[in-house]
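The values are calculated or read from the model by the stated rules, or taken from the named source; none is laboratory data. Predicted, not measured: the structure shown is a model, and the values here were computed from it. With ideal geometry, Cβ positions are generated from the backbone for all residues, glycine too; neighbour counts draw on all protein chains shown. Quick note on the areas: whole protein, heavy atoms, side chains included, nothing else; ligands and nucleic acids left out. Shrake-Rupley method; radii C 1.70, N 1.55, O 1.52, S 1.80 Å.
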Amino acid sequence: MSCESDLHTCPKSSHQEAAEALAAAQSRYVANNLFSKKQHELAVELLPGGNTRTLLHTSPFPLCMKHGKGTFVWDEDGHKYTDFVGELSAGLYGHSHPVIRTAILSTFDETGLSLGSTTTYEARYASLLCQRFKLERVRMTNTGTEANLHALAAARHYTGKKKVVVFNGGYHGACFSFGGGKAAPNTADKGDFVVVQNYGDDEAAAEARRVIEETAREGDLAAVLVEGMQGAGGCLPGSKKFLLAAQEAAKNTGAIFILDEVMTSRLAPHGLGQELGLSPDLVTLGKYLGGGFSFGAFGGRKEIMDSVYDPRVKGSLAHSGTFNNNTMTMCAGFAGLNQVFTEEVCVELNRVGDDLRGRLNAVAKGTRLRFTGRGSLIGLHFRENGTFESQERADLRDLFWFEMLEEGFWITRRGFIAMMLDTPKDELDRFVDAVGRFLERHAGIMMV
């Protein structure tokens, strides 16, 4: 008998149920955040889309935060959240760490801003960065994007070649994005990138080696650029076999092997690359290493760095930037890495992160939700059949985001979590419980 008869009702599909739940959650969101809505309406009259950072845009309008303290933030409507956005891994120290505060105030009072010269502070911080991340030379920039831009320029200048092999899902800054298996429209020098279609697992290692060798045979391969764990790509770790294969192929073909550690340097005491036994020619850094200020850096082998960027060397490249060595960043960044995020603290934070991810996956077992990542960086994924081979369910991810806001947790809508130092354990426990309640509440659309 047809389920459309008078005696039977067709069960709703998970997509129909999700659409209804999502519409209800969005209605509550609008009703609960009137000040954020008003602020967005004002902002769109001045800023394209109402913001100056595309990632922060969400529909129907983004939350507008008013202030932060410790590991919490408050929005303009007065709601308090545990901050799991963590400024996309740059907010490691929280919003008001006393050591960072002292460094900022002492720099302002005793040193001053923007001295327009070299300072002892940049050399001091350079020494710490080289020691911590096993670099022979380093130069500072303002962002991770700039760090990758200048590292690529170094590779091209040093080799005299132009092509760069990158990987599907890779993100190396605002103008170096490779989701969907191709370079984004705003990618700088878009035609010079060769995108390997698979990333991360042992099977992808053979493809990486093949593409690198084929590109090298064409005679114009300058570099291989890869993340040890893709951040924007969903916190997907590369296997050791995969990364070593990419490194070996690069070095065998004379290409510069660049490891993007803008996000991942916080995942091990000396960076993720050292933890995995990699020996990159160049490394890029950024995010939390600015101590809350804008920061990037790139460095590595001295023969590359000196020949390309030492202004005493004839034919070297210029590398300028008004704020590359600004006193606030040099002092706050140094204080954070030297006094707060010590090697021992790094190990403990990532142990806590691994534990949290394990507990979350235990709660999510048998559902469409999976948590990936390493240490203090976590990605969440909703898939049709609960496996990465099945279709992504953006509707379920959006529903999760709206309802976690109602629980008092601030995460990115795309499902990225960057843990802050000193997040109370009871807040981590509360998050695990909130995820469990969410899955139970929507069991009809979450179970596989």
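Annotation: peptides 368-374, 33-39, ranked by per-residue average of other Cβ atoms within 10 Å with the highest first, follow the order 368-374, 33-39. For the listed peptides 309-315, 16-22, a ranking on the average number of other beta carbons within 10 Å per residue, highest first, reads 16-22, 309-315.
Beta bridges from DSSP with both residues in the range 135-272: antiparallel share about 25 percent, rounded to the nearest 5. For Lys66, the aspartates and glutamates whose Cα comes closer than 18 Å to its Cα, not counting residues fewer than 8 places off in the same chain, are Glu41, Asp75, Glu76, Asp77, Asp83, Glu87, Glu406. Axis angle, to the nearest 10 degrees, between helix 425-441 and the longest C-alpha principal axis of the chain: 40 degrees.
Dipole check for the range 3-127: with +1 at the C-beta of Lys and Arg, -1 at the C-beta of Asp and Glu, and the Cα centre as origin, the magnitude is about 340 Debye.
Residue order by solvent-accessible surface for His97, His172 is His97, His172, largest first, with ligands and nucleic acids left out and a 1.4 Å probe.
Counting only Cβ charges, +1 for Lys and Arg and -1 for Asp and Glu, the dipole size of the chain around its Cα centre is about 820 debye.
Protein heavy-atom surface of the chain, 1.4 angstrom probe: 52% of the accessible area is carbon and sulfur, with nucleic acids and ligands not counted. The angle between the Cα long axis of helix 34-43 and the longest principal axis of the Cα atoms of the chain comes to about 50 degrees, rounded to the nearest 10. The calculated FRET efficiency for the pair Thr387 and Lys38, based on their C-beta separation and a Förster distance of 56 Å, comes to about 0.85. Site pair Leu317 and Asp433 shows an inter-label distance of 5.3 nm when each label is modelled 7 Å from Cα along Cα→Cβ. Taking the charge dipole of the range 237-292 about its Cα centre, with +1 at Lys and Arg Cβ atoms and -1 at Asp and Glu Cβ atoms, the residue from Leu285, Ala249, Gly238 reaching farthest to the positive side is Gly238. Using the charge dipole of the chain (Lys, Arg: +1 at Cβ; Asp, Glu: -1 at Cβ; taken about the Cα centre), state which of Ser177, Tyr29, Gly333 has its Cα farthest towards the positive end. Of the options given, the answer is Gly333. Subtracting the Cα-Cα distance of Lys241 and Asp77 from their residue separation scaled by 0.36 nm leaves 54.2 nm. For a straight C-alpha distance cut-off of 24 angstrom, the lysines reachable from Lys302 (same-chain residues fewer than eight places away being disregarded) are Lys134, Lys161, Lys162, Lys163, Lys251, Lys287, Lys314. When DSSP beta bridges are restricted to pairs lying wholly in the chain, around 65% turn out antiparallel. Accessible area per residue for the chain, computed on protein heavy atoms with a 1.4 Å probe, is 45 Å².
For the charge dipole of the range 351-396, defined by +1 on Lys and Arg C-beta atoms and -1 on Asp and Glu C-beta atoms about the Cα centroid, which residue among Leu380, Gly353, Leu396 has the Cα displaced farthest towards the positive pole? With unit charges placed on the Cβ atoms, the residue in question is Gly353.
Each Lys and Arg contributes +1 and each Asp and Glu -1, all at the Cβ; summed about the Cα centre of the range 107-186, the dipole is approximately 640 debye.
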